[in-house]
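To keep things clear, I will list the structure first and then write my remarks on it.
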Amino acid sequence: MPSVAPKKTSIEELSAYFPLTFPIPSPTTHPDLISTHDLHREEDLLRNPDSFRAWWSAINAMRENYSVLQKTEANTSNLPESVVSVLGPLASPLARLTLQRLTYTYEAALTQFPNSFKLWKSYLNMRMSFVLGKLVVKKKAGGKKKFPEMKEALEEGAEDVQEWETPLDPIVGWEEWRLLISTFERALMWLPKLPRLWLMYISIFSHPRCPSVLSHTHARRTFDRALRTLPPSLHARIWTQYLLWAEKKGGEVTVAVYRRYLAVDPTLTERFTSLLLSLTNSAPRPLEAAKLLLSLARKAARGEYTSPEGKSPYQLLEDWIEVVEKFPEEVGLDVDDTIASNRAIAEAEVDEESEAGKADSSTLVAASTTGQLIRMAGPAIPVTAEGKSAAPYSEDEDPASSRKLNIEHIVQKDGLAVYKDQAGRLWTGLATYWIKRGDFDRATDVFEQGMKNVLTSRDFSQIFDSYAEFEENLISAMVSSLEEGEDDEDAAETEEQLDLRMNELDALTDRRPFLYNDVMLRRNPNDVQEWEKRAALWGENDEEVIKTYTRALETINPRKATSNLHRLYIHFAKFYEDGGVSGEAEPDLNSARKILEKATKVNFKAVEDLAEIWCEWSEMELRHDNYDEAIRVMQRATAIPKNVKVNYHDHSLSAQARLFKSLKLWSFYVDLEESIGSVHTAKAVYDKILELRIANAQIIVNYAAFLEENDYFEDSFKVYERGVELFTFPVSFEIWNIYLSKFVKRYGGSKLERARDLFEQALEKCPPKSCKPLFLMYAQLEEDFGLAKRSMAIYERATQVVSDEDKFEMFSIYIAKATANFGLPATRPIYERALEVLPDRQTAEMCLRFAALERKLGEIDRARAIYAHASQFCDPRVNPNFWSEWNTFEIETGSEDTFREMLRIKRSVQAQFNTEASYLSAQTIGARNGTKKVEESSDPQDAMAAADKQARNGPAFIAAKKSVVVPEEGAASEAVATPQATNDEEIQISDDEDM
């Protein structure tokens, strides 16, 4: 091992070590290059110069030996930090000597194998480790895509930037840096098509200590050479490093490199624009960024571009607006230039329209037949692969052009004309642009124009809030300037401007309801409610209210209007009738009549709206005591045309053609005639309503009541008869009900046969569910003025005709009437028929009543038979009242045998219900009615009740056992043994007695 050199601290002394590898070290120039231990290896290599394994083994042995010695030296050496920071990997003599030995060996091996990629790669990695320093290995999770998109590749490359520790100082070790570059050049001379060598080479230029001579011009040229040398399929790997290197350099380098790449792949345009506006960029280019974003927004709108960030065309345009707001001076034209540009654009559009009109009127001739050429301004128009021409050249999209943008025209053309739902953001962006430029008057005009053009409340609120905030900020700035203290003249001018701005802000606040109403009316000019609000906003300003109503009536299309258009005419007429909003002016009935006259000619969507116009007109005349005029108005409204066969619901006809069939109009007219007309005129109106067949049941009833009030009783009955002819049940039922009651009240029994005919006529077509009141009224008539026998016949007939839900009540009434007229025995046939007809759930109740009747008559056996008949319909769990009553009946009137028979029937019925599907529903009904609670809380007072309880609570089914137990006897014995209290009426039943 050579001796360690003394410590050197000066730059000149450290620079004396270099160059280490030029010329290439050899044993003749460096005697210590080969030691006595290396002679055997050298002799072997001299004997086998063509053996790659021998060379590779020798190189690996030298590198391993260096690793071992490096670890030993690290524990014993004590190099100054200043030397380590400057020399880095070559700070120790061992490292410098090892570099020379490895260089000698690698160069000798490459002389034999100049095309070996493995050897060149190992050699270059060795040289890089001694110059660039130790590479920091970063841990990564998961794999990565084989061929990622350029956007993803750049993001991954930015995250995976290589880092090194303690590199060689580029000033002291300049020669070694230069020799490393030359070594790469030699390697690429032999292996120019291998991308790995190019990537290793260009990674040097990203080193933070790379000399500026290498990391700028030489690096750019190396990147270009790599792109020219490698095939296009490998360019993406080079471009990734090239673009990252360009982003790091910034300025013109970034612009030049990105322009070259975007000519091939425009997907990174958004990234490029962010770089152009980055604060780290030495020279931001907002104009170029704005033009690129505008171009992307237009292409995306045409479907020619898809944002890698997933942005929509509007979002790209919004990014452009943000650039314009941030850099207004650098991007857009000033006020004068904008006005001149707008004028030029308008003239050009007019010229284009005129030329288009001429081209349409003239005969088109093909250019190829005449040899004429078409000359166009600007560069050539590109043509797509399908043969279609791309979008024409626009200087607004050319980043190489220095002409600024006409922001107003672009916002109007590419924003407001396309994205109508984002008008608020576009108008505020344009106003912000002028505010940033200091053109406050222009900004105010933009705000005003925006509020006059938007169509939604959201856009209006956005613009108005921005407008108010702008005015408040401007006032605050003026107040601040006054507080700072200015010259008297400037202060006076500032105060004047401040007063003006404050007045404008107050006026803006006052105008907000009107501006918002304008927005609603622009969105839907046929919105009647908004026009009503507009008129209400003017308060007591009668002149403006008149203008508002006039504009509304001229603007609204009746067929497209919202509801209550007729109310607008009525309110307008009411305005003149009341003498204005405040009522201070003289009432102008003539103007009100003219408005209503005009309203009667409007084709409303609904006939009822037109009818209400006429009714309101007549009411206006009534309010001013013009009774004859009110009658004439209604006569005009109800004029019947020659063709009365018009369908009221035919919307293809106008409202005026269907007006004569409006029941609302005729109802008002007849009320008017009843109030201020004569009986004959009112009757004439009612007759017309009936002739037109538009009357409803209420009209019939009102007509008849009107005639009755005026003592035209027979005429009122005729009206009822006409009503029952016009309508069917159930409507005619109400008319019959009133008619019959009125007729009976009027004539009583004087016209009994006529009354009977009317009742029979009413009952002929009456449905079962409605005929019960008519039968009761009919039977009452016979009871009062006819024969009881006929009355009973009517009740008998009613029990057969009425619906099932009314039969029980009808039989109850029938039985009550029969009892009153013929006594209790006469009701037996009625009860029997009732038991045959009534449904099961009502049969039990009727049986109880029938049994009570027989008990009153002393027929105990008949009553017991009735109880037995009813028991088949009564579940003991659902109908405990029935069994309780039968139980009481047997205790009071029965014997031991009859009581046992009752218990047997009860158990059989209970077993029958238990086996039926209705058992569960019966239990549910019983629980709902609380029967179980009643049974549990009630305490039987005697043995019979205890036996009854035991029978009800006993099990429905008993499992078979060795000893057979008869449930009836058990229940009976328990019934006897259970009670402790004495009972005078107790019946002793033997356990051994056969049931």
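Conditions (1) modelled with pLDDT under 90; (2) under 32 Å from the mean Cα position of the chain (by Cα); (3) surrounded by fewer than 14 Cβ atoms within 10 Å (Cβ to Cβ); (4) not in a helix (DSSP H, G or I), marked per residue:
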residue: 441; (1), (2), (3), (4): no, no, yes, no
residue: 460; (1), (2), (3), (4): no, yes, no, no
residue: 471; (1), (2), (3), (4): no, no, no, no
residue: 492; (1), (2), (3), (4): yes, no, yes, no
residue: 515; (1), (2), (3), (4): no, yes, no, no
residue: 533; (1), (2), (3), (4): no, yes, no, no
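Of all residue pairs spaced 6 or more apart or on separate chains, those with beta-carbon atoms under 8 Å, a first member in segment 574-590 that is open to solvent by 40 Å² or more (accessible area, probe 1.4 Å) and a second member that is charged (D, E, K, R) and in a loop (DSSP other than H, G, I, E, B) are 576/588; 581/540; 582/540; 587/578.
Residues that are in contact (Cβ under 8 Å) with a residue 60 or more places away in the chain and either open to solvent by less than 70 Å² (accessible area, probe 1.4 Å) or within 14 Å of residue 104 (Cα to Cα) (or both) within segment 44-68 comprise 45, 49, 52, 55, 56, 59, 63, listed in sequence order. The set of residues in segment 281-324 that are surrounded by fewer than 18 Cβ atoms within 10 Å (Cβ to Cβ) and not in a loop (DSSP other than H, G, I, E, B) comprises 301, 302, 315, 322. Can you name the residue in segment 635-646 that is of a type outside the set (Val, Ile, Thr) and open to solvent by less than 70 Å² (accessible area, probe 1.4 Å) and is also modelled with the lowest pLDDT among such residues? Top of the filtered list is 641. Every test in (1) at pLDDT below 90; (2) open to solvent by 40 Å² or more (accessible area, probe 1.4 Å) is passed by residue 169 save one, and that test is (2). Of note, residue 820 does not satisfy the criterion of being buried (at least 20 other Cβ atoms within 10 Å of the Cβ) and modelled with pLDDT under 80.
Of the residues making up segment 473-483, just one is surrounded by 14 or more Cβ atoms within 10 Å (Cβ to Cβ) and not hydrophobic (A, V, I, L, M, F, W, C), namely 481. Considering only residues in segment 476-532 that are among the aromatic types (Phe, Trp, Tyr) and in contact with a Ser or Thr (Cβ under 9 Å, 6 or more places away or on another chain), the one that is farthest from residue 553 (Cα to Cα) turns out to be 516.
Is segment 633-642 home to any residue that is within 22 Å of residue 542 (Cα to Cα) and assigned to a loop (DSSP other than H, G, I, E, B)? No, that holds for no residue.
For segment 583-627, residues that are assigned to a helix (DSSP H, G or I) and among the charged types (D, E, K, R) total 11.
Could you grab me the full set of residues in segment 503-520 that are within 12 Å of residue 452 (Cα to Cα) and in contact (Cβ under 8 Å) with a residue 24 or more places away in the chain? Within segment 503-520, 512, 515, 516, 518, 519, 520 qualify. Residues that are farther than 12 Å from residue 150 by Cβ and open to solvent by less than 30 Å² (accessible area, probe 1.4 Å) within segment 242-269 comprise 245, 246, 250, 251, 254, 255, 257, listed in sequence order.
In segment 803-856, the qualifying residues are those that are outside the structural domain of residue 879 (by the TED database), over 60 Å from the mean Cα position of the chain (by Cα) and aromatic (Phe, Trp, Tyr), and the one that is farthest from residue 789 (Cα to Cα) is 831.
For residue 478, the conditions (1) at pLDDT 90 or above; (2) in contact with a Lys or Arg (Cβ under 8 Å, 6 or more places away or on another chain) are fulfilled apart from (1).
Applying the condition of being over 19 Å from residue 620 (Cα atoms) and not in a loop (DSSP other than H, G, I, E, B) to segment 550-573 and asking which residue is least open to solvent (accessible area, probe 1.4 Å) yields 552. From 762, 834, which residue is surrounded by 15 or more Cβ atoms within 10 Å (Cβ to Cβ) and closer than 26 Å to residue 714 by Cα? Every option except 762 fails the conditions. Checked across segment 786-806, the condition of being small (Gly, Ala, Ser) and within 30 Å of residue 913 (Cβ to Cβ) holds for at least one residue.
Within segment 863-910, how many residues are under 60 Å from the mean Cα position of the chain (by Cα) and hydrophobic (A, V, I, L, M, F, W, C)? Show your work before the answer.
So in segment 863-910, the residues under 60 Å from the mean Cα position of the chain (by Cα) come out as 873-880.
Subset that is hydrophobic (A, V, I, L, M, F, W, C): 873-874, 878.
Qualifying residue count for the region: 3.
Results for (1) open to solvent by less than 40 Å² (accessible area, probe 1.4 Å); (2) touching a residue at least 40 places away in the same chain (Cβ under 8 Å); (3) out of contact with any helix residue (DSSP H, G or I) (no Cβ under 9 Å at 6 or more places or on another chain), shown as yes or no for each residue.
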site: 633; (1), (2), (3): yes, no, no
site: 648; (1), (2), (3): no, yes, no
site: 653; (1), (2), (3): no, no, yes
site: 660; (1), (2), (3): yes, no, no
site: 664; (1), (2), (3): no, yes, no
site: 674; (1), (2), (3): no, no, no
site: 695; (1), (2), (3): yes, no, no
site: 703; (1), (2), (3): yes, no, no
site: 715; (1), (2), (3): no, no, no
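Tallying residues that are buried (at least 16 other Cβ atoms within 10 Å of the Cβ) and assigned to a loop (DSSP other than H, G, I, E, B) within segment 517-531 yields 3.
The residue list 734, 809, 782 contains one member that is among the charged types (D, E, K, R), within 24 Å of residue 708 (Cα to Cα) and assigned to a helix (DSSP H, G or I), which is 734. Under the condition of being without any contact (Cβ under 8 Å) to a residue 24 or more places away in the chain, among the acidic types (Asp, Glu) and open to solvent by 10 Å² or more (accessible area, probe 1.4 Å), the residues counted in segment 837-872 number 2. So residue 577 fits all but one of (1) under 30 Å from residue 661 (Cα atoms); (2) at pLDDT 90 or above; (3) over 37 Å from the mean Cα position of the chain (by Cα); what number is the exception? Failing condition for residue 577: (2).
The values are calculated or read from the model by the stated rules, or taken from the named source; none is laboratory data. Everything quoted here is computed from the prediction, not taken from an experiment. Cβ: placed from backbone, ideal geometry, glycine included. Neighbour counts: every protein chain shown. Accessible surface areas use protein heavy atoms only, side chains included; no ligands, DNA or RNA. Shrake-Rupley method; radii C 1.70, N 1.55, O 1.52, S 1.80 Å.
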